[in-house]
Amino acid sequence: KDFEEAISITNSRDHPLALYIFSDDQKLKDQIRNNTQSGAVGCNEVCVHMAVPGMPFGGIGGSGYGSHTSKFSYDTFTHLRSSLDSPRWVDLFFSFRFPPYTAGKLRQARTMLLPRLPPRPGTQKSLFSSKWFRWSFLFALVGLMLKYGPINRIS
């Protein structure tokens, strides 16, 4: 009962940065680990945890956020910033995004963005008449032109 009371007291407060268990009883250690939350758990040790390479050290809630030591510190204090640089020729294919909005642009947007069911087997006449084939061919052609051809890129 004493350990259940200790677990209850621990859970009634902010999550600790570290929780230390001193026991050789594996069932007791598992019971405490499985029924509490903390930034770290140390069994029969208080100092070595922070010195183990590759093992994160950090808190939960009031005891802190993130993990520290080694790469974990770098990840905690680094913001991964996404960046997209869209080439101008994309506007030729997605011009429906910009005003003035017309019925033609609405049709173009529906054609490109709305999902459609594939044709029933045997109803499609040819691969070359497929809109997917035509769009794929067009994008492949533009890709080849960008890599090898006459479209100049501004760097």
Residues satisfying the stated conditions in the range 58-77, i.e. outside any helix (DSSP H, G or I) and modelled with pLDDT of 75 or more = Gly58, Gly59, Ile60
task = Considering only the range 107-125, state which residues are modelled with pLDDT of 70 or more and under 26 Å from Phe94 (Cβ atoms).
result = Arg107, Gln108, Ala109, Arg110, Thr111, Met112, Leu113, Leu114, Pro115, Arg116, Leu117, Pro118
request  = Would you check if Ser83 is modelled with pLDDT under 75, assigned to a loop (DSSP other than H, G, I, E, B) and either open to solvent by less than 60 Å² (accessible area, probe 1.4 Å) or not charged (D, E, K, R) (or both)?
outcome  = yes
task = Kindly provide the set of residues from the range 8-39 that are under 19 Å from Gly58 (Cβ atoms), assigned to a helix (DSSP H, G or I) and open to solvent by less than 90 Å² (accessible area, probe 1.4 Å), ordered by number.
result = Thr10
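The values are calculated or read from the model by the stated rules, or taken from the named source; none is laboratory data. Given the structure is predicted, the values throughout are model-derived calculations rather than measurements. Positions of Cβ are backbone-derived with ideal geometry, glycine not excepted, and every protein chain shown enters the neighbour counts. All accessible areas refer to the heavy atoms of the entire protein, side chains included, with ligands and DNA or RNA removed. Shrake-Rupley method; radii C 1.70, N 1.55, O 1.52, S 1.80 Å.
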